[in-house]
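Notes for the one structure printed next.
Read-outs: derived from the displayed coordinates by stated rules, not from any lab. If you're wondering where the values come from, they're calculated on a predicted model, not measured in any experiment. Neighbour counts run over all protein chains shown; Cβ positions are idealised from the backbone, glycine included.
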């Protein structure tokens, strides 16, 4: 007689890929890149690139910790959404206790590393960013669409933390990069929320495109924030911290982002939402490259 065992089978043991999923590597890589840029801009002539990279890595550890804590808190919501129902905590491949311990260890390593190797302020900022993401933004997604605005604050912190780690206090570049990333996030996240609005609605998450009578709101807000991003991104050139190369590149990147958002605002379709998303993913690394390779910045840093 054949015995059915599928309903009582034990999930396979967690592997490296499962832990990588928990750490949200794509977000962590972005965080490291942003923190590296901020730290390098704070270094001035004769920058110690290894030290800059070390600061960025410590910030990246706190980001990985936030990614794990986020999935711990949202494992019930993840189970209801098609795109997240196979995550390790949902399927049981990783136990919640192990995930919490790993997240705590990463948070401790990141903040302690910043405090010991750099300064207390950068460690406090990293810790505050982690707590804001996990204890404010994450639960707010169940309650209000205002969560996107709140979440944009910790999302914009990496370059500022990197800058403070090297300089000891925030400076002009730190605040300008914070502003660019803060505004950039809105079209990016609105496009994602529109693409997965049915998933969010099914999970009960209060993302703007998943709310009743929200047709057109995601597109219009994406356009408005992309419009605001243009002058914000040009601030370094206006202040004289960057030159014409950065200004021209920022204008091209911002105009491209604005055009994609305008098309999405004109008519919300899957193709146009994806165009906004893909444009947003190219925007930041190209923008950081413009900063670091602009002749004015290059000369100041003596690279």
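Specify whether the C-alpha gyration tensor of segment 159-275 places it in the rounded, prolate or oblate class, a ≥ b ≥ c being the square roots of the eigenvalues: rounded for a/c under 1.5, otherwise prolate if a/b is larger than b/c and oblate if not.
Working: a/c = 3.38, a/b = 1.71, b/c = 1.98.
The shape class here is oblate.
Relative contact order of segment 147-303: 23 percent, from C-alpha pairs under 8 Å at least 6 residues apart in sequence.
Here residue 251 and residue 214 are evaluated by their C-beta separation; at R0 = 30 Å the FRET efficiency comes out at 0.40. Measuring r between the beta carbons of residue 80 and residue 266 and using R0 = 22 Å, the FRET efficiency lands at 0.10. The mean sequence distance of close C-alpha pairs (under 8 Å, at least 6 residues apart), as a share of the length of the chain, puts its relative contact order at 19 percent. State whether segment 17-170 is rounded, prolate or oblate according to the following rule on the C-alpha gyration tensor (a ≥ b ≥ c being the square roots of its eigenvalues): a/c under 1.5 gives rounded; otherwise a/b larger than b/c gives prolate, and the remaining case gives oblate. Judged from the Cα gyration tensor, segment 17-170 comes out prolate (a/c at least 1.5, a/b above b/c). Computed as a quarter of the hull surface, the mean projected area of the alpha carbon convex hull for the chain stands at 17.3 nm². Fully extending the segment from residue 17 to residue 29 would add 2.7 nm, taking 0.36 nm per residue of separation and subtracting the current Cα-Cα distance. Averaging the sequence gap over all C-alpha pairs within less than 8 Å and six or more residues apart, then dividing by the number of residues, gives segment 17-170 a relative contact order of 34 percent. Ordered by the count of other Cβ atoms within 10 Å of each Cβ, fewest first, 144, 214 give 144, 214. One decimal place: the segment residue 230-residue 259 gains 9.3 nm when fully extended, by the rule 0.36 nm per residue minus the C-alpha distance. Estimated at 0.36 nm per residue, the fully extended path between residue 149 and residue 104 surpasses their Cα-Cα distance by 13.6 nm. Summarising the label geometry, the points placed 7 Å from Cα in the beta-carbon direction at residue 298 and residue 128 lie 3.6 nm from one another.
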